[in-house]
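Enquirer: Just passing along the structure, written as structure tokens.
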Amino acid sequence: MPTPSLADLPIRRLTLRDLTACADLSQNRGWPREEHKWGFLLTAGKGYGIDDPEGGLVSACVVTEYGPQERPALAAVGMVLVAERYARRGVGRRLMRHVVSTMGTTPLTLHATPSGRPLYEELGFKATGRAEMLSGQFTPGGPEPGVGTRAATAEDLTAILRLDEQVFGADRTHIITRLPAFADQLRIAEENGRLIGYAAAWPNMGTQVVGPLVARDTETAKALLASLAAHTDRPLRTDVDVRHEELLTWVKERGLASVAFNAVMTYGITELPGDWTRRFAPLTVAAG
């Protein structure tokens with residue numbers, strides 16, 4: 001029986017049963033397996049993939065929708081991967097065209113590496129921002145931010161959801177309500193009993209990823225980040241909007257080093273909704 005051509009292999013929805021195959025695909029491309037993150041994205045979002053007739057996946061990606069279920073306000077595309085043996089044969093382009101077509105009029109966003117950016121530009125995505133990835137062991141020092149923080153409780157969830165929707169510009173209830181189970185830490189900043197910021201840190205291959213990081217101002221963002229660092233021995237990793245220059249300088253002074261820059265790209269909108277001045281770091285670049 002002849003082997004079907006790549007163009008004939010169907011694109012299907014992925015489920016949690018595909019978790020190992022997704023992690024294998026990450027490893028095949030030299031990425032960490034990131035099973036914890038894949039599991040979160042496959043349950044909170046929609047995975048799409050192409051099966052390899054010889055086993056495993058040819059390609060995969062995840063789309064996370066925000067806003068009303070029947071008419072999403074925004075969808076983030078991430079974890080776009082093609083197995084090494086099928087690279088540079090149009091598979092990623094075909095999968096992305098399928099996603100764009102499936103999402104219809106829903107605006108899209110993604111974080112693009114320098115190598116992936118040309119494909120996304122070809123499909124009509126436009127660069128609207130930039131994020132800097134940083135990693136390293138956080139070392140406290142200098143004046144401490146004068147903002148109080150504490151661990152979040154179940155009673156804080158309503159206020160966190162309200163603040164997140166204001167800052168993100170779309171309802172992310174299905175993401176935020178999963179944070180307590182997904183993250184090792186979820187902390188809030190308060191002023192006179194009022195929520196002015198929140199942040200999470202979640203485990204990923206030996207590091208603690210800081211995100212989301214939502215705060216009224218830079219001092220609040222610093223306080224949240226420092227409080228997360230104080231409650232883990234692991235190195236931190238995060239992705240910060242490059243417009244937050246003061247925070248970037250501060251974290252570098254405390255041991256985090258620049259790893260890479262990614263372009264923030266959009267399709268169907270000229271800029272992301274919400275308030276970027278209070279949005280310091282995403283949950284993950286794969287989900288916005």
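Enquirer: Please go through the stretch 127-139 and pick out each residue that is touching a Lys or Arg at 6+ places or on another chain (Cβ under 6 Å) and part of a loop (DSSP other than H, G, I, E, B). Don't jump to the end; show me each part of the working.
Expert: Step one: of the stretch 127-139, the residues touching a Lys or Arg at 6+ places or on another chain (Cβ under 6 Å) are 135, 138-139.
Across the stretch 127-139, the qualifying residues are Phe138, Thr139.
Enquirer: Moving on to the next point. Six or more apart or on different chains, Cβ under 9 Å: which pairs go from a residue in the stretch 7-29 that's farther than 12 Å from Asp52 by Cβ to one that's among the hydrophobic types (A, V, I, L, M, F, W, C) and surrounded by fewer than 15 Cβ atoms within 10 Å (Cβ to Cβ)? Could you list them?
Expert: Arg29/Ala87
Enquirer: Taking the stretch 30-57 only, how many residues are of a type in the set (Asp, Glu), free of Cβ contacts under 8 Å to residues at least 24 places away in the same chain and more than 24 Å from Trp202 (Cα to Cα)?
Expert: 1
Enquirer: Take the residues in the stretch 11-21 that are in contact with a strand residue (DSSP E or B) (Cβ under 6 Å, 6 or more places away or on another chain) and part of a strand (DSSP E or B), then tell me which one is farthest from Met79 (Cα to Cα).
Expert: Ile11
Enquirer: Given Gly288, Gly268, Gly255, which one is surrounded by fewer than 21 Cβ atoms within 10 Å (Cβ to Cβ), in contact (Cβ under 8 Å) with a residue 24 or more places away in the chain and over 22 Å from Gly142 (Cα atoms)?
Expert: On the way: Gly288 fails: surrounded by fewer than 21 Cβ atoms within 10 Å (Cβ to Cβ); Gly255 fails: over 22 Å from Gly142 (Cα atoms).
Just a single option satisfies the conditions, and that option is Gly268.
Enquirer: Given the structure, is Gly141 buried (at least 16 other Cβ atoms within 10 Å of the Cβ) and either modelled with pLDDT under 95 or not assigned by TED's automatic domain parsing to the domain that holds Ala76 (or both)?
Expert: Working: buried (at least 16 other Cβ atoms within 10 Å of the Cβ): no; either modelled with pLDDT under 95 or not assigned by TED's automatic domain parsing to the domain that holds Ala76 (or both): yes.
So Gly141 fails the test.
Enquirer: Consider Leu248 carefully, then state whether it is under 16 Å from Tyr198 (Cβ atoms) and modelled with pLDDT of 95 or more. Outline the logic, then answer.
Expert: Values: under 16 Å from Tyr198 (Cβ atoms): no; modelled with pLDDT of 95 or more: yes.
For Leu248, the condition - under 16 Å from Tyr198 (Cβ atoms) and modelled with pLDDT of 95 or more - is not met.
Enquirer: Right, Gly197: under 25 Å from Val80 (Cβ atoms) and small (Gly, Ala, Ser) or not? I'd like the intermediate steps shown before the answer.
Expert: Numbers: under 25 Å from Val80 (Cβ atoms): no; small (Gly, Ala, Ser): yes.
It is false that Gly197 is under 25 Å from Val80 (Cβ atoms) and small (Gly, Ala, Ser).
Enquirer: Please work out which residue is surrounded by the most Cβ atoms within 10 Å (Cβ to Cβ), limiting yourself to the stretch 33-80 and to residues that are farther than 25 Å from Phe125 by Cα and of a type in the set (A, V, I, L, M, F, W, C).
Expert: Phe40
Enquirer: Within the stretch 209-233, how many residues are surrounded by fewer than 24 Cβ atoms within 10 Å (Cβ to Cβ) and either in contact with a His (Cβ under 9 Å, 6 or more places away or on another chain) or outside the structural domain of Ala189 (by TED's automatic domain parsing) (or both)?
Expert: Of the residues in the stretch 209-233, 1 are surrounded by fewer than 24 Cβ atoms within 10 Å (Cβ to Cβ) and either in contact with a His (Cβ under 9 Å, 6 or more places away or on another chain) or outside the structural domain of Ala189 (by TED's automatic domain parsing) (or both).
Enquirer: On the basis of being under 30 Å from Pro118 (Cα atoms), buried (at least 21 other Cβ atoms within 10 Å of the Cβ) and not hydroxyl-bearing (Ser, Thr, Tyr), does Asp239 make the cut?
Expert: Working: under 30 Å from Pro118 (Cα atoms): yes; buried (at least 21 other Cβ atoms within 10 Å of the Cβ): yes; not hydroxyl-bearing (Ser, Thr, Tyr): yes.
Considered against the rule, which asks whether it is under 30 Å from Pro118 (Cα atoms), buried (at least 21 other Cβ atoms within 10 Å of the Cβ) and not hydroxyl-bearing (Ser, Thr, Tyr), Asp239 comes out as yes.
Enquirer: Could you identify the single residue in Thr158, Thr105 that is surrounded by fewer than 20 Cβ atoms within 10 Å (Cβ to Cβ), over 24 Å from Arg12 (Cβ atoms) and of a type outside the set (Gly, Ala, Ser)?
Expert: On the way: Thr105 fails: over 24 Å from Arg12 (Cβ atoms).
The conditions single out Thr158.
Matching residues to (1) surrounded by 15 or more Cβ atoms within 10 Å (Cβ to Cβ); (2) assigned by TED's automatic domain parsing to the domain that holds Ala223:
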site: His111; (1), (2): yes, no
site: Gly116; (1), (2): yes, no
site: Tyr120; (1), (2): yes, no
site: Gln166; (1), (2): no, yes
site: His174; (1), (2): no, yes
site: Gln185; (1), (2): yes, yes
site: Leu195; (1), (2): yes, yes
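The values are calculated or read from the model by the stated rules, or taken from the named source; none is laboratory data. These numbers were taken from a predicted model, which means no experiment stands behind them. Glycine gets a Cβ as well: all are built from the backbone with ideal geometry, and neighbour counts include every protein chain shown.
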